[in-house]
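Have a look at the structure that comes next, please.
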Amino acid sequence: MAEQEVIKHTKEIFSHLRSKDHSARHKMIELAIEVSIIVFAVSISIWLHGIGEHRHEQEQVKTFLLGLKKDLQVDVGVLKKDIQEFQEINESFRYLATLDPRGSPDNNKFDAAFDPIVDPIFVKFISRRGRYDGFKFSGQLTHIENEALLEDIVELYEHKLIGVYESEGFWNNDLNNLKAYLARASFDGNRATRYSLVTSPMGKHLCESMSFGPLNSYQATLASYTLIIKEIERLYPKETRG
């Protein structure tokens with residue numbers, strides 16, 4: 001419609017300029033009117049196009065955020081399980097680190113606490129970040145108009161998850177050091193030998209370092225997940241109800 005108006009009034013301009021029935025002053029007035037109409041039509045066209053483009057961008061943002069919420073909910077379930085496991089493992093290593101080398105342990109409790117060394121869990125949290133990376137590399141993250149939410153999402157994926165991976169790496173490295181220490185000491189599986197190795201100065205140091213783990217990073221990341229999920233639900237209450 002706007003293109004037709006531009007063409008129509010452009011023809012009017014040339015028509016007025018070629019006319020011999022009007023004075024130069026009249027032609028200039030008619031020319032100004034036609035140019036004003038063209039400018040107005042183009043401006044309206046650009047404005048309407050901008051509205052349509054913005055609406056389309058926000059529909060894409062909505063689809064992304066609702067999908068991201070599902071990804072985050074899956075990750076939350078995994079993190080909660082990992083946190084529970086590490087709370088138990090941390091207690092085991094703290095217990096081992098406080099044992100008296102001159103004492104004797106509760107056999108069942110000692111064996112249970114020693115299990116994470118003999119049969120360690122695989123520590124690697126893998127987030128569902130494909131949707132985020134796709135939206136990011138397509139250059140659409142900046143279409144999220146809620147700046148606080150955008151900052152929280154970027155902080156999560158670009159910083160806090162990296163902190164999780166680093167803390168997991170430290171924990172796995174400490175576990176390997178502990179296992180290497182036991183291997184160098186000709187660990188024979190006897191409980192008395194286990195006890196003497198764990199309660200030695202080196203054994204205590206290694207167990208103390210193991211008692212930290214990535215638990216703090218997991219909990220901080222879980223808090224970020226929860227915050228982002230709640231904000232998405234606030235933005236789209238109808239779509240997230242139930």
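The values are calculated or read from the model by the stated rules, or taken from the named source; none is laboratory data. Owing to the predicted nature of the structure, the values given are computational and were not obtained by experimental measurement. Positions of Cβ are backbone-derived with ideal geometry, glycine not excepted, and every protein chain shown enters the neighbour counts.
Residues in the range 158-167: is at least one more than 27 Å from Gly67 (Cα to Cα), surrounded by 14 or more Cβ atoms within 10 Å (Cβ to Cβ) and either under 24 Å from the mean Cα position of the chain (by Cα) or in the same structural domain as Val76 (by TED's automatic domain parsing) (or both)?
yes
Moving on to the next point. Which ones in the range 99-108 are surrounded by 12 or more Cβ atoms within 10 Å (Cβ to Cβ) and either assigned to a helix (DSSP H, G or I) or not hydrophobic (A, V, I, L, M, F, W, C) (or both)?
Selection gives Pro101, Pro105.
Here are some residues: Phe93, Phe114, Phe110. Which one is in contact with a helix residue (DSSP H, G or I) (Cβ under 9 Å, 6 or more places away or on another chain), closer than 28 Å to Gly77 by Cβ and in contact (Cβ under 8 Å) with a residue 60 or more places away in the chain?
Phe93
Quick one: would you say Asn90 is closer than 17 Å to Asn216 by Cα and more than 16 Å from the chain's Cα centre (by Cα)?
It is true that Asn90 is closer than 17 Å to Asn216 by Cα and more than 16 Å from the chain's Cα centre (by Cα).
Name every residue in the range 142-156 that is surrounded by fewer than 16 Cβ atoms within 10 Å (Cβ to Cβ) and assigned to a helix (DSSP H, G or I), in order of residue number.
The answer is Thr142, Glu147, Ala148, Leu150, Glu151, Val154, Glu155.
Of the conditions (1) of a type in the set (Val, Ile, Thr); (2) outside any loop (DSSP other than H, G, I, E, B); (3) at pLDDT below 90, Ile162 satisfies every one except a single condition; which number is it?
All conditions pass for Ile162, except number (3).
Further question: Tell me which of these Phe86 doesn't satisfy, since it passes every other one: (1) more than 30 Å from Ala192 (Cβ to Cβ); (2) in the same structural domain as Asp152 (by TED's automatic domain parsing).
So the condition that Phe86 fails would be (1).
While we're here: Only one residue in Leu178, Leu156 is over 24 Å from Thr98 (Cβ atoms), among the aliphatic types (A, V, I, L, M) and out of contact with any Asp or Glu (no Cβ under 7 Å at 6 or more places or on another chain). Which one?
Residue meeting the stated conditions: Leu156.
May I pose another question? Quick one: which residue in Lys81, Lys70 is assigned to a helix (DSSP H, G or I), under 19 Å from Ile144 (Cβ atoms) and in the same structural domain as Tyr225 (by TED's automatic domain parsing)?
Just one listed residue meets the conditions, Lys70.
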